[in-house]
Amino acid sequence: MQGVNWTALTIFVILFLFVSWLGFAAARWRRGDLDQLHEWGLGGRRFGTVITWFLVGGDLYTAYTFVAVPALAFGTGALAFFAVPYTIVIYPILFLVFPRLWHVCHKRGYITAGDFVKGRFGNRWLALAISITGIVATMPYIALQLVGIQVVVGALGISGTGFMGELPLLIAFVVLAAFTYSSGLRAPASIAVVKDLLIYITAFTAVIVIPMQLGGFGKIFAAIPPAKLILAPPGAHTTGAYSAYATLALGSALALFLYPHSLTGILSASSGKAIRRNAAMLPGYTFMLGLLALLGFFAIAAGVKEMPEYAAGFKQFSNNFAVPALLLHSFPSWFVGIAFAAIAIGALVPAAIMSIAAANLYTRNIHREFINPNPSAREESQIAKWVSLIVKVGALAFILLVPTKYAIQLQLLGGIWIIQTLPAVMLGTYTRWFNSWALLVGWGVGTIAGTWMAIAANLTPTFPLNFGHLVLPGYSAFYTVLLNLVLVLVLTPVFNALGSRAGSDETLASDYFA
Amino acid sequence: MNDTQGRHRGWSWWYLLFIVQIVAVLWPPFYNSVEPAWMGIPYFYWYQMLWVLISAVFTAVVYFATRE
């Protein structure tokens, strides 16, 4: 890699300092008593339609997404575009299910999915399973956000071994941890506004300017090998890439809003109406994600992989270096600074929300449920603040000590695990017909089967399911959540007949709407 | 749980628009081809990007149609 790019680095540092200040100042924004968990951890549920749009957008479309999706297009081709149907399908789900969940959580003072499941099904062990799944699935996701920072810091020319090499990441991390601790969810909500503006500027500029440099879209797509341009049509006796593409999109969509950080973002909205409006407005981010996926193709057409100045970057970060290399190749240094700052700040927002969400889960559904049942409001928010720190230290240690590929593989497993909470959390907003022990068995079997499938597929997302003499390659998370659902449906009457009395439902039908 | 749900909380026929958009993007045989390309962009890509816009419009329609 060449030496340090001082212009880009200066712009980068200025923007980073600005959002750090914003993160601390956010404590006084829409001021609330931060010694209350719902104030620290949900911003007092006061965010209207516009702030929710920025917050949820910044939460779901993470820095890692912006690096990894184009990287997948760069390396694999058309399959990467599954991110587009994925982020189209999430919005009907958001529209139909989550206003109900918002209303019941608002009326009952729930902060986490675990709170809701405990109240709805009256089974603390089911709530514990849901909460632990949430925490475990979130940890590698935080770690991947730090990878996003690592890649752009590397691309700025800051390299080195040992402590000096890791110093920028450590600084970013300390800043992140400090403003999350002091401001809670208000910090990522305010930073998300800046981050999204920077990302939009970067994405639209890149999609207009780079094709002009490369001679138009026609030339760019002509440079892509035909095998990468569209999905390979399936051969005989298999649904091939088609079922893989569709189940990856659908399974990822079903899993997304079950992640604790998604729920935290949604629950911080000020009304169910704000959520429904956002279901129509958030596709703006999907459109941008589609444009960014195309950057992977721009990078192929520009030929950055063959350029000697980027060889070291590709060696260190593999295809994740495609977008940074393309930006370095195509833009003047000052704009590279803005673009890289957008990616790095884009990592801070979700990382902060994720650690807050994990902290809320631990505090409410593990500590309060099993260790100290009657904390004062102040004790509760203190515990959450400390847990948010511990979670981030864990993620940082993971990234510094363990090869990145393990974080990616664990994040894959995290998706398979989190989707197993779908029957209790998502369907639970519509019905409490399910027996809570049947839900627990379905969760357990789905988790084990999904983990096994992922390992059998060499820790790749798609598993070749044999159905007679037909092979259906598909996303393990999708297959195993179906298994989970079937088990819940079959076992519910069985457990009921065996006299297993489910706990009582403390929610009322009228809790689920305005 | 007793069924005292409000009128606008049950099924609405407008939700069929959601099913249309889900099927349109989750059935790759509909769009897995290079032609017809538009401004040099293969069909596979512009079709899906177009559905991002259509799905946003559909969701807005459902939002206004199912408001109380």
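The values are calculated or read from the model by the stated rules, or taken from the named source; none is laboratory data. Predicted model, so just to flag it, every value in this text is computed and none were measured. Note that each Cβ is placed from the backbone with ideal geometry, even for glycine, and that neighbours are counted across all protein chains shown.
Show the residue pairs that are 6+ apart or on different chains and have beta-carbon atoms under 8 Å apart, the first residue being within the range A:165-188 and without any contact (Cβ under 8 Å) to a residue 40 or more places away in the chain, the second being of a type in the set (S, T, Y).
A:G165/A:S159
Looking at the range A:438-472 only, could you name the residues that are more than 24 Å from the chain's Cα centre (by Cα) and closer than 20 Å to B:W27 by Cβ?
Residues satisfying the conditions are A:L465, A:F467, A:L470, A:V471, A:L472.
Could you tell me whether A:A456 is more than 21 Å from A:M354 (Cβ to Cβ), away from chain B (no Cβ under 14 Å) and without any contact (Cβ under 8 Å) to a residue 24 or more places away in the chain?
yes
Given the conditions (1) surrounded by fewer than 21 Cβ atoms within 10 Å (Cβ to Cβ); (2) aliphatic (A, V, I, L, M); (3) at pLDDT below 95; (4) not in a loop (DSSP other than H, G, I, E, B), and given that A:L128 satisfies all but one, which numbered condition is not satisfied?
Condition not satisfied by A:L128: (3).
Is it true that A:L410 is at positive phi, out of contact with any Asp or Glu (no Cβ under 9 Å at 6 or more places or on another chain) and away from every other protein chain (no Cβ under 14 Å)?
Here the answer is no, as A:L410 does not meet what is asked.
Evaluate the range A:356-365: report whether one residue or more is in contact with a helix residue (DSSP H, G or I) (Cβ under 8 Å, 6 or more places away or on another chain), more than 26 Å from A:S190 (Cα to Cα) and not β-branched (V, I, T).
Scanning the range A:356-365 turns up at least one residue that is in contact with a helix residue (DSSP H, G or I) (Cβ under 8 Å, 6 or more places away or on another chain), more than 26 Å from A:S190 (Cα to Cα) and not β-branched (V, I, T).
Pick out the one residue from A:V488, A:V494 that is among the aliphatic types (A, V, I, L, M) and in contact with a Leu (Cβ under 7 Å, 6 or more places away or on another chain).
A:V488
A quick yes/no check of all residues on (1) surrounded by 14 or more Cβ atoms within 10 Å (Cβ to Cβ); (2) in contact with a Pro (Cβ under 7 Å, 6 or more places away or on another chain); (3) modelled with pLDDT of 95 or more; (4) closer than 30 Å to A:V207 by Cα:
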position	(1), (2), (3), (4)
B:T4	no, no, no, no
B:H8	no, no, no, no
B:L16	no, no, no, no
B:S33	yes, no, no, yes
B:G40	yes, no, no, yes
B:A60	yes, no, no, yes
B:T66	yes, no, no, no
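May I ask you to say which residue of A:A477, A:A456, A:A449 is on the phi < 0 side of the Ramachandran plot, touching a Pro at 6+ places or on another chain (Cβ under 8 Å) and at pLDDT 90 or above?
Step by step, each of A:A477, A:A456, A:A449 is checked, and only A:A477 is on the phi < 0 side of the Ramachandran plot, touching a Pro at 6+ places or on another chain (Cβ under 8 Å) and at pLDDT 90 or above.
Residues in the range A:249-272: is at least one at the interface with chain B (Cβ under 7 Å from one of its Cβ atoms) and at pLDDT 90 or above?
For the range A:249-272, residues at the interface with chain B (Cβ under 7 Å from one of its Cβ atoms) and at pLDDT 90 or above: present.
What number of residues within the range A:220-242 are part of a loop (DSSP other than H, G, I, E, B), more than 8 Å from every other protein chain (Cβ to nearest Cβ) and within 30 Å of the chain's Cα centre (by Cα)?
Total satisfying the criteria: 3.
Hey, among A:T138, A:T180, which residue is buried (at least 16 other Cβ atoms within 10 Å of the Cβ), of a type outside the set (A, V, I, L, M) and touching a Ser or Thr at 6+ places or on another chain (Cβ under 6 Å)?
None of the others qualify; the one that does is A:T180.
For the range A:468-514, how many residues are away from chain B (no Cβ under 14 Å) and of a type in the set (F, W, Y)?
Number satisfying all stated conditions: 2.
Which of the residues that make up the range A:17-68 are under 15 Å from the mean Cα position of the chain (by Cα) and not hydroxyl-bearing (S, T, Y)?
A:F54, A:L55, A:V56, A:G57, A:G58, A:D59, A:L60, A:A63, A:F66, A:V67, A:A68
Can you name every residue in the range A:69-126 that is over 21 Å from the mean Cα position of the chain (by Cα), under 30 Å from A:T460 (Cβ atoms) and within 12 Å of another protein chain (Cβ to nearest Cβ)?
A:G77, A:A78 - these are the residues of the range A:69-126 that are over 21 Å from the mean Cα position of the chain (by Cα), under 30 Å from A:T460 (Cβ atoms) and within 12 Å of another protein chain (Cβ to nearest Cβ).
For the range A:370-388, which positions are in a helix (DSSP H, G or I) and either surrounded by fewer than 16 Cβ atoms within 10 Å (Cβ to Cβ) or touching a Lys or Arg at 6+ places or on another chain (Cβ under 6 Å) (or both)?
A:F370, A:I371, A:A377, A:R378, A:W386
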